[in-house]
Amino acid sequence: MSRAPSPQANHGSDTWLERDRAHLWHPWAPNRISSETLVIVSGEGCRVWDADGRGFLDAKASGLNATLGYGCRPVIDAVSDQLSRLMTYDMIEGTSVPAIELARRIAGLTGPELNRTFFCNSGSEAIEACVRIARSYHTLSGSSERTQVVSLRNGYHGTTMAAFAATTGAAPEAGFVSLPGPVPPAAPGMGDRGGLDVIRDHLGEHGRRTAAVLLEPVQGLGGHIVPDEYLWELRKLCDEHGVLMILDEVMTGFGRTGRMFAYEYADIRPDILATSKGLTAGYASLGAVTTTQRVFDAFEHDRDVGGLAHGHTHSGHATACATALAVLDQLEGAGVLANTQERGRQLLEGLGAGGVGDTAFVRDLRGRGLLVVVELDSPRRAVRVKQSMQQDGVLVRRSGANIILAPPLVITAEEVDRVTEAVVAALNSDYVLAI
Ligand SMILES: Cc1ncc(COP(=O)(O)O)c(C=O)c1O
């Protein structure tokens, strides 16, 4: 599994980690570095190698974004071609061909109603823009009292101000309210249709003050699949109350669940769609907010505000957009979505056949496409499973008590078997059983 060391690997992991500790501030916490932190220096397909030459199967696709795996040549060539031609051009006073082409291409996938795309740089920024667009839309439409954004508990929307407020729902004074959702199954007394009754009651009382309902089709890093019926009913409720539906497909968009967008399973369309991770498959940083023409028109016809006073220096970055175009070529052309469905089924079935679902401390085994979650009885046990699997050469994401399996969508049948074996071995290891 060893490869020729890349120039960055001219030191071993220990040296890099020492330098990391001295100067780097990692996302989410200043002190995430431990003896298990990997210094990854190269990758090919679904495999990555660290600075000590150790190889791993990456069953978490970097940060659930490397959907095409590492070293995808057509994407790399497109990035390099665009960089040599024109790395980017200002989208405030001008425009650029890759941004135009990508907006058109996305409209071809999401349309006909969802046909306007605003570009930003990350998932959190996309959510930030969704919230501003929703509130401004109502102001421009003569309903400035509609400011409240309703999100669902157990969701995840990011870490910028609005995205984090929607994630925690802990900012009612700022107009963010979080309600129990359909998953995990609503608590007794919450209505026999899960969280739908809760949201119906809420909109019945506060609908006139509500700008939007924001949710993910597969909720949070727990990988809870929102039932299709819930999405369908919620779509109707939003329409009844004049509330915009914002779908956060930052994690699920562009193939992760085996369809281009997870909303396709429920056969609904949101008014506003946020995407990011799979859009560039990790080869560039890009986020997108796609809205209906109706939402866009409210801004187009506004003479006072002059449109949405929102945007970034790198909005529509030409190289990032060219990257996304090349990623879409792969997703649409190379059987990637079919592979996602088949390998996802294989993974769930393999884990089932390996007795994972029957293990005493496994609470649940669920998945859609290549987003599969093994829910354990405690975060502590999940930490040990992740550690054991890393020792065994397979990398997974852990969130709370959940082990998240979200490999590149190009994973092979043999590699899926390898991931399955590693999960089963970890669950049966003394280290994990000892808790
Ligand atoms: C559903 C969802 N929304 C938003 C975000 C935030 O995206 P980013 O980390 O790019 O800011 C994430 C990131 O994991 C996500 O999974």
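The values are calculated or read from the model by the stated rules, or taken from the named source; none is laboratory data. In this text the structure is predicted, and so the values were computed from the model without any measurement. All Cβ positions, glycine included, derive from the backbone under ideal geometry; neighbour counts span all protein chains shown. Note: accessible area is taken over every heavy atom of the protein model, side chains too, but ligands, DNA and RNA are not part of it. Shrake-Rupley method; radii C 1.70, N 1.55, O 1.52, S 1.80 Å.
Data overview
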read-out	value
Cα-centred dipole magnitude for the stretch 215-256, charges only on beta-carbon of K, R (+1) and D, E (-1), debye, nearest 20	120 debye
Options Gly311, Gly108, Ala298, ranked by Cα towards positive dipole end of the stretch 76-333, top entry (Cβ charges)	Gly311
Three-way shape label, the stretch 189-316, alpha-carbon gyration tensor, a/c 1.5	oblate
Rounded to the nearest 20 debye, dipole of the chain from Cβ charges on Lys, Arg, Asp, Glu	420 debye
Expected 222 nm ellipticity per residue - DSSP helices of 4 or more, -39500 (n - 2.57), all of the chain, to 500	-12000 deg cm²/dmol
Extension reserve of the His11-Arg73 stretch, reckoned as 0.36 nm per residue once the Cα distance is removed	19.6 nm
Accessible surface of the stretch 134-186, 1.4 Å probe, proportion on carbon and sulfur as whole %	57 percent
Rounded to whole Hz, the Karplus (6.51, -1.76, 1.60) HN-Hα couplings of the stretch 72-87, x for glycine and proline	6, 4, x, 6, 4, 5, 5, 4, 5, 4, 5, 4, 6, 6, 6, 5
Within-11-Å neighbourhood charge of Arg105 [Cβ basis; K, R +1; D, E -1]	-2
Selected from Ala162, Ala324, Ala78 as most flexible by GNM, with the chain as the system and alpha-carbon contacts under 10 Å	Ala78
Cleavage-rule hits (GluC sites (Glu not before Pro)) in the stretch 93-153: DSSP loop, at most 13 neighbouring Cβ within 10 angstrom	Glu93, Glu145
Solvent-accessible area per residue for the stretch 76-333 (1.4 angstrom probe, square angstrom)	41 Å²
Net +/- balance of residues flanking Gly45 in space, Cβ distance below 10 Å, scoring K and R +1, D and E -1	-2
Semi-axis lengths (Å, descending) of the ellipsoid that matches the C-alpha gyration tensor of the stretch 76-333	31, 21, 15
Derived scalar couplings ³J(HN,Hα) [the stretch 376-388; Karplus, 6.51 cos²θ - 1.76 cosθ + 1.60; whole Hz; x for Gly, Pro]	9, 7, 7, x, 4, 5, 5, 4, 5, 4, 4, 4, 4
Cα extents of the chain along the three principal axes, largest first (Å)	62, 60, 43
His310-Val97 pseudo-label distance in nm [points 7 Å out on the Cα-to-Cβ vector]	3.1 nm
For the chain, with +1 on Lys and Arg beta carbons and -1 on Asp and Glu, the positive-most of Val385, Ala174, Thr340 along the dipole	Val385
FRET E, pair His301, Asp430, Förster distance 56 Å, beta-carbon r, rounded to 0.05	0.25
Candidate lysines - alpha carbon under 26 Å from Lys277, same-chain residues fewer than 8 apart omitted	Lys60, Lys386
In nm, spacing of pseudo-spin labels at Ser80 and Ala334 (7 Å Cα→C-beta vector)	1.5 nm
Rounded tilt (10° steps) of 13-23 against the dominant C-alpha axis of the chain	40 degrees
FRET efficiency, Ser141 to His206 (Cβ-Cβ, R0 25 Å, nearest 0.05)	0.90
Per-residue ³J(HN,Hα) for the stretch 325-330, Karplus 6.51 cos²θ - 1.76 cosθ + 1.60, θ = phi - 60°, Hz, x for Gly and Pro	4, 5, 5, 5, 4, 5
GNM result for the chain, Cα springs below 10 Å: residue of Asp248, Asp271, Asp228 fluctuating most strongly	Asp228
Solvent accessible area, Å² - Asp81, 1.4 Å probe, full protein context	80 Å²
Net charge over other residues, Cβ less than 15 angstrom from the Cβ of Val362 (K, R count +1; D, E count -1)	+3
Modelled FRET efficiency - R0 25 Å, Ser34 with Arg345, Cβ distances, 0.05 increments	0.10
On Cα atoms only, tilt of 413-427 relative to the major axis of the chain in degrees	80 degrees
Farthest positive-ward along the chain dipole, Cα basis, beta-carbon charges - from Gly220, Tyr283, Tyr431	Tyr431
